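Trainee: Take this structure, written in structure tokens, and hold onto it; I'll ask about it next.
The values are calculated or read from the model by the stated rules, or taken from the named source; none is laboratory data. Since the model is a prediction, treat every value here as computed from it, not as a measurement. Positions of Cβ are generated from backbone atoms using ideal geometry, with glycine treated the same way; all protein chains shown enter the neighbour counts. Note: areas computed on protein heavy atoms with side chains; ligands, DNA, RNA excluded. Shrake-Rupley method; radii C 1.70, N 1.55, O 1.52, S 1.80 Å.
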Amino acid sequence: MYTILISKTDDEIKETSNELCSGTEQVQILDNKIPPAHREYPFFRINTAKGIYNIPYSDILFVESGQKKSFIHLTNNTICLPLPLYRIREILPESFFIQTHRSFIVNLKKISYIDKTKDPWVISFFGSKKTAFISRSFKKDVMQVITPFLNYVVD
């Protein structure tokens, strides 16, 4: 008999394998750690009257609200959903997305440039001419998230 053990930590593996190996049983460890990419579900899934959307987080540049709808801006496409922005904010993982304006949620991994000379600040994205904004009330929050990842700061 084989038992396949998939665990998050080495300690959990040792503890469980000691319990299982109490005689004639053989234990085969296939994977001792769950990769971080699989801990979070990598897709934004939503069921609407028109269809079911399965959108990878990595394809989302930003989400914009307007006219009681949300527009999910992808690199080559825009999807309109009949959902308010706060509902989408609840679903999107905080490790990838941050609210930058009362009308915008931005994918941090897709930002190529933030123009701080304009008011509000303007965000540009890799591979796209689309832009989003950072309002005065969200500047501090955005800078707290971005600052630890900066390689060099010029005063």
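Trainee: Per residue, how large is the accessible surface of region 72-121? Use a 1.4 angstrom probe and give square angstrom.
Mentor: Ligands and nucleic acids excluded, the figure is 58 Å² per residue.
Trainee: Please state the relative contact order of region 31-155 as a whole percent: Cα pairs under 8 Å, 6+ residues apart?
Mentor: Here the relative contact order equals 15 percent.
Trainee: Right, next: So how do 53-64, 108-119 stack up, highest first, on mean other-Cβ count within 10 Å? Don't skip to the end; give the middle numbers.
Mentor: Details: 53-64: 17.7, 108-119: 13.6.
Going by the mean number of other Cβ atoms within 10 Å, highest first, we get 53-64, 108-119.
Trainee: Given 0.36 nm per residue, what is the gain on full extension from Arg102 to Lys68 after removing their alpha carbon distance, in nm?
Mentor: Once the chain is fully extended between Arg102 and Lys68, it gains 11.0 nm.
Trainee: Past the 21 Å Cα-Cα mark, which pairs from Lys69/Lys130; Lys118/Lys140; Lys50/Lys130? Mind dumping the intermediate values first?
Mentor: On the way: Lys69/Lys130 18 Å; Lys118/Lys140 16 Å; Lys50/Lys130 26 Å.
Correct reply: Lys50/Lys130.
Trainee: Can you tell me how much longer the chain between Arg87 and Lys140 gets when fully stretched, taken as 0.36 nm per residue apart minus their C-alpha distance, in nm with one decimal?
Mentor: 16.8 nm
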